[in-house]
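A.B. asks: Submitted below is the structure of interest, expressed as structure tokens.
The values are calculated or read from the model by the stated rules, or taken from the named source; none is laboratory data. Treat the numbers as computed from the prediction; the structure is a model and nothing was measured. Backbone-built Cβ (ideal geometry, glycine too); neighbour counts: all protein chains shown. For the accessible areas, the whole protein counts, side chains as well, though only heavy atoms, and no ligand, DNA or RNA atoms are used. Shrake-Rupley method; radii C 1.70, N 1.55, O 1.52, S 1.80 Å.
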Amino acid sequence: MEKVLFNGAPVSLCGSVPRPGDKAPGFVLTGKDLAEIRLADMSGRRVVLNVFPSLDTEVCAASVRRFNSEAAGLTDTEVLCVSMDLPFAAARFCTANGIDHVRPASAFRSDFGRDYGLTIAEGPLRGLLARAVVVIGADGCVMGVSLSHEITEEPDYGFVRQLLG
């Protein structure tokens, strides 16, 4: 079980974060159009998971805008922005912010948070997802994970550039 900080206070996460070399846990998330988004459907492509608590916070919104900008230059790579936000909220956010290079993916009716060890187990954000970036290779194995130790700070964008070039 990992621990991270929320405004300097430690909080525990449920489960175990996958490690580089592990087979990535499968998932079924929900897109802004309510369609299922399955890891299995992205076989043969790299997948970047930008995971965060909610689009309704400025830091999370900034990370989606930044990943949208950076995803435009990636080939054979799918970038999913994963939170517990409802698909309707994600659709509104994408429309209002011109988000068109990443896909919002809601974990509101899945075990994604538990399977990836990213569900916040305690404190005011209990039940939401911690901030992390998970990069999955075309072979379906985890290339790397960057778990943000302070939830209120933006993720390590350089981590993705280092892994994907």
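A.B. asks: Quick check: the distance between the Cα centres of the range 66-105 and the range 1-15, to the nearest angstrom?
C.D. replies: Each part reduced to its Cα centre gives a spacing of 25 Å.
A.B. asks: Follow-up question, since we're still on this one. What relative contact order, as a whole-number percentage, does the chain give when Cα pairs under 8 Å and 6 or more residues apart are counted? Please report the intermediate quantities before stating the final value.
C.D. replies: Details: 370 pairs, mean separation 54.8, N = 165.
In percent, rounded to a whole number, it is 33.
A.B. asks: Probe of 1.4 angstrom, ligands and nucleic acids ignored: what's the accessible area per residue over the range 1-160, in square angstrom?
C.D. replies: Details: 7160 Å² over 160 residues.
Averaged over the residues of the range 1-160, the accessible area is 45 Å².
A.B. asks: Return the label of the correct value of log10 I(q)/I(0) by the Debye sum over Cα atoms at q = 0.09, 0.11, 0.16, 0.21 Å⁻¹, as calculated from the structure shown, out of (1) -0.25, -0.38, -0.85, -1.60; (2) -0.44, -0.57, -0.86, -1.18; (3) -0.30, -0.45, -0.97, -1.69.
C.D. replies: (1)
A.B. asks: Okay, next question. Accessible area, 1.4 Å probe, largest first: how do 13, 128, 55 sort?
C.D. replies: On the way: 13 0, 128 50, 55 20 Å².
Per-residue accessible area, sorted high to low, gives 128, 55, 13.
A.B. asks: Moving on to the next point. Can you give the accessible area of residue 143, probe radius 1.4 Å, in Å² rounded to 10?
C.D. replies: Here the residue's solvent-accessible area equals roughly 70 Å².
A.B. asks: Keeping all protein chains in position, work out how much accessible area residue 95 exposes to a 1.4 Å probe, and write it in Å² to the nearest 10.
C.D. replies: The accessible area comes out at roughly 120 Å².
A.B. asks: For residue 139 and residue 57, FRET efficiency with R0 = 41 Å and r from the beta-carbon atoms, rounded to 0.05?
C.D. replies: Numbers: r = 34 Å, r/R0 = 0.82.
According to the calculation, E is roughly 0.75.
A.B. asks: Here is a follow-up. Taking θ as phi - 60°, what are the ³J(HN,Hα) couplings along the range 46-62 by the Karplus curve (6.51, -1.76, 1.60), each to the nearest whole Hz, with x for Gly and Pro?
C.D. replies: 7, 10, 10, 9, 8, 9, 7, x, 6, 4, 7, 10, 5, 5, 5, 4, 4
A.B. asks: Using only the Cα atoms of the range 55-101, what semi-axes does the equivalent ellipsoid have when each is the square root of 5 times a gyration tensor eigenvalue? Give whole Å, largest first. Provide the component values of the computation, followed by the final result.
C.D. replies: Numbers: eigenvalues 66, 24, 21 Å².
The three semi-axes for the range 55-101 are 18, 11, 10 Å.
A.B. asks: Leaving out ligands, DNA and RNA but keeping every protein chain, what accessible area does residue 149 have, in Å² rounded to the nearest 10, with a 1.4 Å probe?
C.D. replies: Roughly 120 Å² of residue 149 is accessible to a 1.4 Å probe.
A.B. asks: With the cut-off at 18 Å, report for the range 23-107 the share of all Cα pairs above it, as a whole percent.
C.D. replies: 36 percent
A.B. asks: Check residue 79: other-chain or 5+ apart residues with amide H under 5 Å from its amide H, H built from backbone geometry?
C.D. replies: 48, 103
A.B. asks: I would also like to ask the following. If you bin the C-alpha pair distances of the range 53-149 every 10 Å from 0, what whole percents do you get?
C.D. replies: 15, 48, 33, 4
A.B. asks: Still on this model: Please report, as a whole percent, how much of the solvent-accessible surface of the chain comes from carbon and sulfur atoms (probe radius 1.4 Å).
C.D. replies: On the way: 3860 of 7600 Å².
Carbon-and-sulfur percentage of accessible area, whole number: 51.
A.B. asks: Please figure out what share of the DSSP beta bridges in the chain is antiparallel and state it in percent, rounded to the nearest 5.
C.D. replies: Once the DSSP bridges in the chain are tallied, antiparallel ones form about 70 percent.
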